[in-house]
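Taken together, the values in this text are just the output of simple stated rules run on the coordinates, not laboratory data. Remember, predicted model here, so these are calculated numbers, not experimental data. In this analysis, Cβ positions are derived from the backbone assuming ideal geometry, glycine residues included, and neighbour counts consider all displayed protein chains.
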Amino acid sequence: MIRIRGLKKWFDSRRGRVEALRGIDLEVAEKEFCVLLGPSGCGKTTTLRCVAGLEKPDAGELEIAGTIANSPTRRIYVPTEKRDIGMVFQSSAIWPHMNVFQNVAFPLIRGRKQIAKDLVAEKVHHALRLVQLDGLEDRPATDLSGGQQQRVAMARAMVTEPKILLMDEPLSNLDARLREQMRVELKKITKAVGVTTLYVTHDQAEALSLGDKVCVMYNGEILQTAPPHEVYAKPNSLFVAQFVGEMNFIKGHVTGPSQVECPLGTLPIPVPLGVSVASSVTLAVRPEHVKLNCADGLLDSLSGAITSKNYLGDAQILEVNINGLSLLVKLPGDSEFSIGQKAGVMIPLDRWHVYP
Amino acid sequence: MLFAGGLMALLLFMVGVPLLMVVLMSLRTGFPGEGGPLTLANFIAVYSAPGTYKVLLNTLLFASGTVLVALVFAVPLVWLLTRTDLPLKGTIYVLMTVGILIPVFLRTIAWILLLSPRIGLVNQWATQLFGLDHPLISLYNIPGMAFIQGVSFVPSAFFMLAAAYRTMDPSLEEAAYTAGVSKFQTFLRINVPITLPAIAGVMVYLFMSAIAVFEVPAIIGFPARILVLSALIFTSTNPPAGLPDYGLAGAYGAVMLVAGLSLAFFYVRLVQHGKKYTVITGRGYRPRQISLGRWKWAALAFAMLYLSMEVFIPFLVLVWASLLPHLQLPSAEAFSQISLSNYETIFDYVNALPFINTAILMFAVPTATMFLSVLVSWLVVRTQVSFRGSLDTIAFLPHAIPSILLAVGLGYLGLAYRNFFPVYGTIAIIAIAHTITWIAYGTRTTNGVMIQVHRELEEAGKVSGASTPRVLGRIVLPLVAAGIFNSWIWISMLSYREVTMALALGTRKNLVVSTIVWQFWGNGWVLQVAALGVVLVLFVVLVVGALKIGFSRLGEVGPGS
């Protein structure tokens, strides 16, 4: 279990103080897989490094597996090597002067949980079997492929059976196909071991598929913490809507208690609390929720012309121009629309999101 | 192509001919230019004498000791300065840079003033205090020599190793911390083994340099009758009495040359092997510096201990000696005698010529070296010339040639073929020797600088219709100017402090400041040496300080890569 309360971190640069973390609150339950998602520079890696103790926070409390690891007010700071963690780095950080066995055995021989010599081999083999690298013990670590190196790093991080597993973009240095394959395996492994995991990534697909819980971060703050399907279906802010998945955005303004006017007409949709009449809002709808009708738009209130088509195989993204406004529409790959064609456009009212 | 060929020929000539001369003189007897048949007489004379093997053993011990001393200080310092939150890092960097530029012979002399069995201040003090009838400590032995030479090599070792440390992925260390390994264990079992190829490379490089150095062996070794190869080569060509014997020098030099070249080969191999270990991270994450906690002050004390030996103590001893009418311990009486008269009388001993000559060197040598280096690097890094690899190797070769051999070879050339090469006894021959030596350093830095300037910048210039010289002058040069300026200053300062080649090629007409100090010491004018030495050191501090303050925008001033 990880509990973070009011975590703050700032760096003093030549241009003054830069706030990297502006008060992070987060709880990761026992055996939960929590993903920190955000663009580069949002503070996700800094948060992870604070949990690892590789970075010293300036304020806030941090609790790992029931013990306080950091608390500036109580003058507690547990150094990295004393924290019950395992960590996988972006660059895999495999020690080049050791072979696979030595890399994985090192934490058991020199680390925090040293065990009897004759038990080391068994533990190492077990960890390597878990990542499907058994049989490669004697290979020089640098001879392995990128994916294999990352597996060694994973075995090394889990061989001591730590309470907490930290991963800093472990898949981002791998190529696309391998990344997807490793993603599936990574999930299996962490579930099999049942370790509490904190995982950092800027790849939303990775976040949505891996996490039991996703925290979207921006500018040193957590904007939304929710299960992946909720983050995707109900982004709680404009930034989350922009960052997670594709979205169409339309400017509008509120004309009544449940009424928004926009270039597509006046829509009867509820507005968020605290947004008063006459204030401007941003409407958002996902491309896959926009429906097209080839019957020339006679039956629908809206009609537009298809201006571009981006064929992706399993799907296609069409651009539809409605009264000078351009909307993206995602359709199955075999839908038959062509550029220039007129089409009716339908957007179910419950698919709209409204942001102040 | 014609231009590339011409440059290749020039470099081959500059590096190859002095070496050829060393081989040639080892096969001839008599005075340079006397001709005569080729003979192995010199080799027989040298290698049948049992004394030679004693000298080889001394050289080996001295070089090994030097490497040991240098690494004992350099390795921890590199770790402390690149990875930890050691205080005063900036100051330590600057002082190390100053340390390189203080001539080794000045440091040696200062330590003699402190530890000489007869006049040394420490021994005077110990005799007074404990009533000892023998000196407490003496510098006149191989450990003493290795100590001073080793201390002088620390900055070079430091800057070479620091480069290796910076390319090391910091998450290799962090992975160990998260596995629960202590900082000390991590340093011992992760940092040291991973940088071992780099450390081995530095060891070979230092060993190669230690075999060739001349200043410490001459100043301490001669009076103590501890001879090493370089000292023998020097005395063969510059005997205190009698005629120079270039043949013997050549025969001694041959073994040094073979050792130097094979070590250089070994060094290149090690450096290539080391590259296998460098892992480049996905992003430029600045790792958090390791907090030293309560060890901070112990670490600072270690750095200060080193800097004391390298800079502070030698400088203070020189200042103290330069202010007194005779060398003595601090006392009320001594303080009452303090005056600047040693400084005022410097020009009673020497005229302005050496100062003018040094100024000429400081301007001509870096200009010529950087000019050649830029051209060579441009060919090596930027063009598709077929022999660019060999060009680079030849430019690197002077690193492997002991400077004393290069000087002796050039001297022989100047004497034996003075009709074709009429520069013997002029400042020009010293300038040529310096240029050849530092072209290896110059091309290393210009290579690095050129690689940083992306090829496409040049190609964009060409596509827009600019000629090759215009692209070089208007696009490449402005981009690399800062790096080149940095190397120019550095080579200028190296020329300023150089004494071995200046001595080996020296006559009464081409004296420079460094050889003047050497002469003063030889004549026993200790206090004038101290005064002149203080002035020399202050000049270094002034130059480095001015550059740090004034030109910090133009890039790091220092020994570079």
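Summary table
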{"read-out": "Ranked B:Val154, A:Val345, criterion: other C-beta atoms within 10 Å, fewest first", "value": "A:Val345, B:Val154"}
{"read-out": "Among A:Thr197, A:Thr142, A:Thr160, residue whose mean-square fluctuation peaks in a GNM of chain A (springs only between Cα atoms under 10 Å)", "value": "A:Thr142"}
{"read-out": "Selected from A:Gly111, A:Gly38, A:Gly313 as most flexible by GNM, with chain A as the system and alpha-carbon contacts under 10 Å", "value": "A:Gly313"}
{"read-out": "Length-normalised contact order of chain A in % [C-alpha pairs under 8 Å, at least 6 apart]", "value": "15 percent"}
{"read-out": "Residues listed by number, region A:216-243, amide nitrogen under 16 Å from A:Ala29 label point at 7 Å toward C-beta", "value": "A:225-230"}
{"read-out": "Sequence-separation-based contact order of chain B, relative, with Cα cut under 8 Å and 6+ spacing, percent", "value": "22 percent"}
{"read-out": "Listed residues A:Leu166, B:Val216, A:Ser338: farthest to the positive end of the dipole of the protein assembly as shown (Cβ charges)", "value": "B:Val216"}
{"read-out": "Cα-centred dipole magnitude for chain A, charges only on beta-carbon of K, R (+1) and D, E (-1), debye, nearest 20", "value": "1180 debye"}
{"read-out": "Cα gyration tensor, region B:61-336 - rounded (a/c under 1.5), prolate or oblate", "value": "oblate"}
{"read-out": "Semi-axis lengths (Å, descending) of the ellipsoid that matches the C-alpha gyration tensor of chain B", "value": "36, 34, 24"}
{"read-out": "Charge context of B:Ala299, other residues only, Cβ under 15 angstrom, K/R +1, D/E -1", "value": "+4"}
{"read-out": "Fraction of alpha-carbon pairs over 18 Å apart in region B:79-228 - percent", "value": "68 percent"}
{"read-out": "Low-density loop positions, trypsin sites (Lys or Arg not before Pro), region A:1-40 - DSSP coil, at most 12 other Cβ in 10 Å", "value": "A:Arg14, A:Arg15"}
{"read-out": "Ratio of the Cα radius of gyration of region A:24-179 to 2.2 N^0.38 Å, where N counts its residues", "value": "1.10"}
{"read-out": "Assigned charges on the beta-carbon of Lys, Arg, Asp, Glu; the protein assembly as shown dipole about Cα centre (debye)", "value": "760 debye"}
{"read-out": "Cβ-derived FRET efficiency at R0 60 Å, B:Leu10 paired with A:Val78, nearest 0.05", "value": "0.40"}
{"read-out": "From phi via Karplus (6.51, -1.76, 1.60), per-residue ³J(HN,Hα) for region B:19-25 in Hz, x at Gly/Pro", "value": "5, 4, 5, 4, 5, 4, 6"}
{"read-out": "Inter-chain shielding of B:185-192 (mean C-beta neighbours from other protein chains, 10 Å cut-off)", "value": "3"}
{"read-out": "Pairwise label distance in nanometres, A:Lys187 with A:Val18, each label 7 Å out on the Cα-Cβ vector", "value": "3.5 nm"}
{"read-out": "Ellipsoid equivalent to the protein assembly as shown - semi-axes via the Cα gyration tensor, in Å", "value": "67, 34, 27"}
{"read-out": "Pairwise Lys count, region B:61-336 - Cα closer than 26 Å, eight or more residues apart or different chains", "value": "5"}
{"read-out": "Residue list for region A:216-248, given a label point 7 angstrom along the Cα-to-Cβ vector of A:Leu325 and an amide N cut-off under 14 Å", "value": "A:248"}
{"read-out": "Among B:Phe158, B:Pro244, B:Pro103 - extreme Cα towards positive end, dipole of region B:61-336, charges at beta-carbon", "value": "B:Phe158"}
{"read-out": "Kirkwood Rh (inverse of mean 1/r, distinct Cα pairs), region B:501-546, angstrom", "value": "11.5 Å"}
{"read-out": "Mean projected area in nm² (Cα convex hull; one quarter of hull surface) for region B:324-453", "value": "13.3 nm²"}
{"read-out": "Spin-label pair A:Ser308/B:Trp295, simplified geometry with 7 Å Cα→Cβ offset, distance in nm", "value": "5.8 nm"}
{"read-out": "Charge dipole of chain B about the Cα centre (unit charges at C-beta), most positive-ward option of B:Tyr424, B:Phe396, B:Leu132", "value": "B:Phe396"}
{"read-out": "Centre separation in Å (Cα based) which lies between region B:129-147 and region B:360-389", "value": "47 Å"}
{"read-out": "Extension gain from B:Met304 to B:Tyr417, taking 0.36 nm per residue of separation minus the Cα-Cα distance", "value": "35.6 nm"}
{"read-out": "Exposure proxy ranking, count of Cβ atoms within 10 Å, fewest first, for A:Thr196, B:Thr91, B:Thr367", "value": "B:Thr91, B:Thr367, A:Thr196"}
{"read-out": "Shape metrics for chain A, restricted to C-alpha atoms - Rg then Dmax, Å", "value": "24.8, 79"}
{"read-out": "Candidate lysines for bridging to A:Lys187, where Cα separation is under 26 Å - those fewer than 8 sequence places away on the same chain excluded", "value": "A:Lys31, A:Lys44, A:Lys113, A:Lys123, A:Lys163, A:Lys213, A:Lys234"}
{"read-out": "Exposure proxy ranking, count of Cβ atoms within 10 Å, fewest first, for B:Trp518, A:Trp10, B:Trp438", "value": "A:Trp10, B:Trp518, B:Trp438"}
{"read-out": "Cβ-derived FRET efficiency at R0 30 Å, B:Ala163 paired with B:Arg455, nearest 0.05", "value": "0.80"}
{"read-out": "Net charge of Cβ neighbours under 11 Å - reference B:Val381; Lys, Arg +1; Asp, Glu -1", "value": "+1"}
{"read-out": "Mean Cα-pair separation over length for region B:400-518, i.e. relative contact order, pairs under 8 Å, 6 or more apart, %", "value": "39 percent"}
{"read-out": "Estimated inter-spin distance, A:Cys294 and B:Thr367, nm [label 7 Å along Cα→Cβ]", "value": "8.2 nm"}
{"read-out": "Net charge, B:Val476 excluded, C-beta distance under 14 Å - Lys, Arg +1, Asp, Glu -1", "value": "+2"}
{"read-out": "Whole-Hz ³J(HN,Hα) from phi, Karplus 6.51 cos²θ - 1.76 cosθ + 1.60, for region A:256-264, glycine and proline x", "value": "x, x, 9, 8, 10, 9, 8, x, 8"}
{"read-out": "Peptide A:91-103, shielding by other chains (average Cβ, 10 Å cutoff)", "value": "5"}
{"read-out": "Estimated FRET transfer efficiency when R0 is 25 angstrom, pair B:Arg269-B:Val23 (beta carbons, to 0.05)", "value": "0.50"}
{"read-out": "Proximal aspartates and glutamates relative to A:Lys8, as straight alpha-carbon distance under 17 Å, when same-chain residues fewer than 8 apart are discounted", "value": "A:Glu19, A:Asp25, A:Glu27, A:Glu55, A:Asp58, A:Glu61, A:Glu63, A:Glu221"}
